[in-house]
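Below you'll find the structure, written out as structure tokens, and then a few comments.
Readers should treat all values here as calculations from the given coordinates under stated rules, not as data from a laboratory. It should be emphasised that the depicted structure is a prediction, and the values quoted were computed from it without experimental measurement. We place every Cβ from the backbone using ideal geometry, glycine too, and count neighbours over all the protein chains shown.
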Amino acid sequence: MNLAELNKVALAMTAPGKGILAADESTGTIKKRFDAINVECTEDNRRDYREMLFRAAEGMRHISGVILYDETIWQKAKDGTPLVEIIKKAGSIPGIKVDEGTKPLPNCPGELITAGLDKLPDRLPKYYEQGARFAKWRAVIDIGAGIPSYAAISTNAHALARYAALCQAAQIVPIVEPEVLMDGDHDIDRCYEVTEFVLKETFQQLYYQKVALEGMVLKPNMAISGKKSAKKASVEEVAEKTVKMLKACVPGAVPGIAFLSGGQSDEEATAHLDAMNKIGNLPWSLTFSYGRALQHAPQKAWSGKSENVAAAQRVFAHRAAMNGLASRGQWKQDLEKKAA
Ligand code: 5MM
């Protein structure tokens, strides 16, 4: 393992002013997104949609890396150019989602474990050869009555650490994503309490597996109220509590933290990131690794029509630019109004 090289990639992925585009929806998830805009979920449509994003030069100026799904990393654009080459030409780093989704966790009703470790040592060198310099693995922790259990937290943290160690051995930077879902009716303090526990356990397991923190990126959820919570925390409260929680759990050796959006509205995800960076004086850089909060608007603008490509690319560029500003703590709400 060349740790200096891993560290260089991790720093580039989380460089201020830029963030990561999570375009790694599995076929089932992208089908849901396409259903919402009445687009048929064919291989060609998935290719055309993603090619449109990767060729959006203005938007890609703010994108340090792109997380791809297995299908996409091998795909070629309409003119025969590999999609990974388009990403690299745009000055961005290609990455790959390597987990194989979730399965029910035995003895833990309603809880999940992420699968995909078995063949990982054989798959990673192939992804490296194809141009991937980082990978992603997402663990899912739900909050509800009697959950999460310690069994679910520790099993998922262990899998995340095993994955991260395998990535580094293959000279690939692991994005470690322990996602505490915001689907429930819990308040921000319950989210804080669960996420703190999950992060502590994750870093303990990373330590046991001898993962070099300098060569990884953390992709956490924010401390935030559940979507069905009766009391919605303000932007300031989310920022203050998330920063407090991360400072208590994430060693300064980690080069950068790139948040998931988790179902927040596009503008909320930007405002929260911005407010955290405005607090300042942080030991790591804080940026975005958004899927929905970056793609929702361009998907709607595109709606599967080639005549909408330029408009969709403009919408994508706007969201990427807003989040780029937020990663520096320089976003202002006025900028959203001006674009509208
Ligand atoms: C883009 O969505 C990713 C893939 O999800 P599935 O494997 O379930 O299809 C997802 O892992 C995503 O990278 C993260 O959850 C962050 O995305 P959001 O939309 O929460 O920012």
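Using alpha carbon centroids, what distance separates the stretch 50-83 and the stretch 191-207, in Å?
Centre-to-centre distance over Cα atoms comes out at 33 Å.
By per-residue mean of other Cβ atoms within 10 Å, what is the highest-first order of 36-48, 318-330?
318-330, 36-48
Between Lys227 and Leu3, with labels modelled 7 Å along Cα→Cβ, what's the label distance in nm to one decimal, could you check?
Each label point lies 7 Å from its Cα, and together they span 4.1 nm.
Please give the contour-minus-distance gain from Ala145 to Asn308: 0.36 nm per residue of separation, less the Cα-Cα distance, rounded to one decimal in nm.
54.2 nm
Taking the stretch 19-118, which chymotrypsin sites (Phe, Trp or Tyr not before Pro) meet the DSSP loop condition and have no more than 14 other C-beta atoms within 10 Å?
Loop-located and lightly packed - Trp74.
Quick one: Karplus J couplings for the stretch 223-238, per residue in order, coefficients 6.51, -1.76, 1.60, θ = phi - 60°, nearest Hz, x for Gly and Pro?
Ordered by residue, 3J(HN,Hα) equals 7, 8, 6, x, 4, 9, 5, 6, 10, 8, 5, 6, 4, 5, 5, 4 Hz.
Measure off 7 Å from each Cα along the Cα-to-Cβ vector at Lys278 and Ala36, then give the distance between these two points in nanometres to one decimal.
With each label placed 7 Å out from Cα toward Cβ, I get 2.7 nm.
Principal axis extents for the stretch 1-139, Cα atoms only, whole Å, descending order, please.
Projected onto its principal axes, the Cα set of the stretch 1-139 covers 48, 46, 29 Å.
What is the distance in Å between the Cα centroid of the stretch 128-185 and that of the stretch 103-119?
Result: 12 Å between the Cα centres.
Can you tell which of Leu11, Ala90, Ser303 lies farthest toward the positive end of the dipole of the chain, using +1 and -1 charges on the Cβ of basic and acidic side chains (Lys, Arg; Asp, Glu)?
It is Ala90.
Taking the number of other C-beta atoms within 10 Å as the exposure measure, put Glu201, Glu85, Glu196, Glu307 in order starting with the fewest.
Fewest-to-most Cβ neighbours within 10 Å comes out as Glu307, Glu85, Glu196, Glu201.
Can you give me the P(r) profile for the chain? Cα pairs, bins 20 angstrom wide beginning at 0, each as a whole percent.
Distribution as computed: 33, 62, 6 percent.
Given the stretch 277-331, what whole percent of its Cα pairs are spread farther than 18 Å?
For the stretch 277-331, the fraction of Cα-Cα distances above 18 Å is 42 percent.
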